[in-house]
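*Asks:* I'd like to ask some things about the structure below.
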Amino acid sequence: MGNLLKVLTCTELEQGPNFFLDFENAQPTAGEREVWNQVNSVLQESESILGGLQSYKGAGQEIRDAIQNPSDHSLQEKAWNSVCPLVIKLKRFYSFSLKLEKALQSLLESLTCPPLTPTQHLEREQALAKQFAEILHFTLRFDELKMRNPAIQNDFSYYRRTISRNQINNMNLDIENEVNNEMANRMSLFYAEATPMLKTLSNATTSFVTENKTLPLENTTDCLSTMASVCKVMLETPEYSSRFSSEDTLLFCMRVMVGVIILYDHVHPNGAFNKSSKIDMKGCIKVLKDQPADNVEGLLNALKFTTKHLNDETTPKNIRTMLQ
């Protein structure tokens, strides 16, 4: 698609940003390289994390057998030995969320710092914008998989109960060094969330705004709203979406658009749905609804259930109706 696609002749203030983000081919410039390398080292692990989550089967049967036969030591041991490697896997997912949090904050710092405006940053630092998008894309994929897998919380609850009751009787005590009580408490809070990775990113963005008191809030919200606007235009304009070399890029754009809307809604005091919002929510929802239902059901649910301000009185009724 080329590193930058100039597509509109209107002014930015009138109709939104006049550039596209090259999600397929953007390469880092010398100025982006340091941050890009840091974030890339995290993103390289993302497919492996998703693969691990996708193949996560759980120890439901072993746990049921152990609970139904509390005096059968061999069944207790079998359940425990089935759960331990799963808990190690869950710890890896949780630890990755902490790395992702730091990566996101590094990108926010780069894409919002003066003297450039966030729009100028996004236009000139396409490789960092692409990484921001890749984090959001991963996050929504992770959370979709997690929501469809109740075994995760069942396995972890069994692990915590067994540890707290000291029922393990010298069975595989090494696990306690890996996942001690403090770590288990933090992991428990993470997995209790319906969408744990989105919650992590929302908290990370809110913390970024809170900790950078000299940086105007608008720098962060404008970065998010600009990305949402660019994704919407890329999706709704066949002339441009047809240039994607892969159909997967369409779904990528949709996930990124929804991800930045959710972050904006958590960070902006009035949220994304308010009439004063810089995001065209009606247009964004319409773009999603114009896609095959199978592709967007999870994304529409994410807007319904993981945003903060949808049910505010200031949200226009037609927006709420569109998401019902």
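The values are calculated or read from the model by the stated rules, or taken from the named source; none is laboratory data. Just so it is clear, the structure is predicted and the values come from calculations on it, not from any experiment. Cβ placement follows ideal geometry from the backbone for every residue including glycine, while neighbour counts extend to all protein chains displayed. Keep in mind that these areas ignore ligands, DNA and RNA; they rest on the heavy atoms of the full protein, side chains included. Shrake-Rupley method; radii C 1.70, N 1.55, O 1.52, S 1.80 Å.
*Asks:* I'm trying to understand the selection: among the residues of the stretch 222-244, which are more than 14 Å from G259 (Cα to Cα) and open to solvent by less than 40 Å² (accessible area, probe 1.4 Å)?
*Replies:* D222, V233, M234, L235, T237, Y240, S241, F244 - these are the residues of the stretch 222-244 that are more than 14 Å from G259 (Cα to Cα) and open to solvent by less than 40 Å² (accessible area, probe 1.4 Å).
*Asks:* Something else: Take the stretch 278-294 and flag every residue that is within 17 Å of D222 (Cβ to Cβ) and surrounded by fewer than 22 Cβ atoms within 10 Å (Cβ to Cβ).
*Replies:* Once the filter is applied, which keeps residues that are within 17 Å of D222 (Cβ to Cβ) and surrounded by fewer than 22 Cβ atoms within 10 Å (Cβ to Cβ), the stretch 278-294 yields K278, D280.
*Asks:* Quick check on my filter: what residues within the stretch 144-164 are more than 16 Å from V179 (Cβ to Cβ) and among the charged types (D, E, K, R)?
*Replies:* Scanning the stretch 144-164 gives E144, K146, R148.
*Asks:* Continuing with the same structure: With the condition being at pLDDT 95 or above and open to solvent by 30 Å² or more (accessible area, probe 1.4 Å), I'd like the helices (runs of 4 or more DSSP H) fully within the stretch 22-138 carrying at least 1 qualifying residues.
*Replies:* Numbers: elements: 33-43, 46-54, 60-68, 73-112, 118-124.
Those helices (runs of 4 or more DSSP H) span 33-43, 46-54, 60-68, 73-112.
*Asks:* Where residues in the stretch 185-221 are farther than 19 Å from V256 by Cα and of a type in the set (S, T, N, Q), which of them is surrounded by the most Cβ atoms within 10 Å (Cβ to Cβ)?
*Replies:* Among them, the one singled out is N212.
*Asks:* Among the residues of the stretch 245-255, which ones are open to solvent by less than 20 Å² (accessible area, probe 1.4 Å) and under 20 Å from M281 (Cβ atoms)?
*Replies:* Residues satisfying the conditions are C253, M254.
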